[in-house]
Every structure is written in C-alpha cells, then in structure tokens.
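The values are calculated or read from the model by the stated rules, or taken from the named source; none is laboratory data. All values derive from a computational prediction rather than experimental measurement. Calculation scope for accessible area: heavy atoms of the full protein, side chains included, ligands and nucleic acids excluded. Shrake-Rupley method; radii C 1.70, N 1.55, O 1.52, S 1.80 Å.
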Amino acid sequence: MKTWFLLLSCIFFWACSNTTSPSEGSYSSPGSIYISSIVIKSSSSSSVIISEGVMDKSYWDSKWVVIPEQELLVESKWIPVNSFSILETEITQLMYAEIMDTLPPQKELKENLPVASVSWYDAVLFCNALSKKLELDTAYDYTGIGPKNTLLNLSFNENNQSVRLPTNLEWEIALRGTTSTEYFWGTGTASDYAHYGSTSGAIEVGLKRANPYGLFDMAGNVHEWVYDWDGPYGITTGSKRIFRGGSWSSPLSQLASDYTNSALPDESADTRGFRVVLSNGEME
C-alpha cells in the first residue's frame with residue numbers, strides 16, 4: 001500500500017513546469033513522475049494521509065454502474081449493445097498513480113482531479129494493469145512497447161472478462177442515459193452538469209450533477225478516450241482513436257451527445273483523460 005503525503009515543495013513545482021500544453025501536446029515516459037510516495041497538492045497546509053483503498057477490489061466494486069442492454073441508432077441502423085458496467089467517474093490521479101505507480105505531468109496535482117495528459121496507449125495499459133489487480137483476464141495483448149508507449153502488434157480480446165475502454169457505442173449509451181435530446185440534461189442548465197468553457201483547468205470529479213444513470217462528468221472536465229478507430233461504424237483499422245464528451249476548455253457545442261473527436265493514439269493533452277468499463281465478455 002502507498003500513502004499519499006502532501007508535499008508542496010520542489011516536486012510539485014517541477015511537475016507543473018513540465019506539464020504538456022493545453023492543446024495537443026504529447027509526452028514520452030521519461031517525462032512522467034515516478035512514484036514512491038505519491039505527491040499530490042491539497043487545499044490544506046498540513047500533511048494528509050489519504051485512504052489506501054484504491055488497491056482493494058471492494059473500492060472498485062462500489063464504483064461500477066450497470067448499464068442495461070439496449071439499442072442505438074447508428075447510420076440508419078439499430079445496433080444492439082449488451083449490458084455492461086462503467087465507472088461512475090473519470091479515472092482520477094489517485095487511481096492512476098496507485099495502479100500504475102507513475103503519473104504523467106499534470107496541470108495541477110490533486111488526488112480527485114481526473115488524470116489527464118494520458119495517451120490512448122496509456123489508457124490501454126491502465127486497463128490491463130487494473131484487470132490484473134482485480135484478478136481478471138486482460139483485454140489487450142501486445143508484443144512490446146515502443147516510443148511514447150506505442151503498443152506493438154496490439155490485439156483486443158473482446159470475449160474476456162476484463163477492464164477495458166468503452167466502445168464508442170457503449171460510451172454514448174452511457175452518456176445519454178436513455179435521453180434523446182441534444183444534451184442529456186435537456187432543458188436544464190449546462191453548468192449544473194458539466195465543467196466547460198474554463199481557462200483554469202479541470203475540477204474534482206463528481207462535483208457536478210450526475211446524468212440519468214448516475215454517471216458524473218460524462219460531459220466536460222476531460223475528454224474521454226474510447227476504444228474505436230475514427231471512421232465509419234465497425235472500421236477495424238485507422239490512424240486516429242476517438243475521444244468523447246468535451247473538456248474543461250470546450251465550448252458548449254462539444255458537450256452535445258453526438259459530439260466526437262479523435263487524435264493519434266500516442267498523443268496526449270491536458271484536456272484529455274478516460275474512464276473504464278468492466279466487461280463481462282459479451283459485446284454488441
């Protein structure tokens with residue numbers, strides 16, 4: 001178990017000075033902060049010991065939200081999607097650092113901020129690591145790790161019981177929460193449900209209202225990587241991976257339920273993070 005101590009001295013300032021740019025900057029693993037004692041900024045001025053439950057299966061069991069089986073209209077065709085479980089929040093810095101024993105440079109260090117500046121490959125590596133912690137199979141196989149954590153000869157085991165990235169359809173179903181409006185909050189106030197249009201960075205997860213499924217920050221805070229390649233539904237290869245949901249710096253239009261964007265899988269940005277799915281091995 002690792003203990004989280006408040007240290008506001010040189011490491012915190014070093015991390016901030018090496019943060020990737022707010023747009024489309026990328027980082028390689030030598031730029032990461034390697035963790036022995038996790039370093040996190042706190043609003044308190046005294047040392048704080050944070051809960052060590054992240055490594056426990058019961059910690060994760062309490063955070064999954066079950067999404068029922070349903071269909072989504074895609075390119076004029078109804079596509080069935082099996083039931084799955086998705087994390088109620090974006091992956092936080094605490095979660096990432098405890099599971100990976102490393103943390104890429106962040107805009108601000110704080111345990112409950114969503115982790116950012118992670119590439120699609122970083123998110124995949126996290127999924128495999130968490131699967132192993134939970135004594136599950138892994139969703140992704142690869143033969144080696146190249147520069148910028150590029151995973152060589154990557155394959156996806158869709159039938160494994162594992163932690164993995166949501167598919168694009170799963171993510172949109174989870175976001176909508178059975179709604180069909182442009183924004184899942186309908187006629188509600190966007191800022192009640194999403195942190196967006198900011199210049200100061202992300203906020204702690206779970207501070208805004210949840211969507212109809214009880215999921216937090218599905219719109220705003222950080223963009224979220226999904227598994228799929230950018231392109232027509234069902235495409236099995238490509239150059240870019242999709243991310244969804246808008247971020248802390250996004251305009252309102254990027255919070256719309258059908259909004260998608262994409263980036264190279266080895267790219268990272270401080271507006272981009274992810275959340276994960278607990279798969280029962282049955283997909284659409």
Could you state the accessible area per residue of the stretch 161-243 in Å², with a 1.4 Å probe and every protein chain left in place?
40
Amide H neighbours of PHE84 under 5 Å, counting only residues 5+ apart in sequence or on other chains, H built in-plane at 1.01 Å?
ILE67
What figure, in Å² to the nearest 10, do you get for the accessible area of VAL65 with a 1.4 Å probe and non-protein molecules left out?
20
Tensor-based shape of the stretch 147-203 (alpha-carbon gyration tensor, a/c under 1.5 rounded, otherwise prolate or oblate):
oblate
So what's the convex hull volume per residue for the Cα atoms of the stretch 163-284, in Å³?
114
Run the accessible area of the stretch 83-141 with a 1.4 Å probe and give the carbon-and-sulfur part as a rounded percent.
37
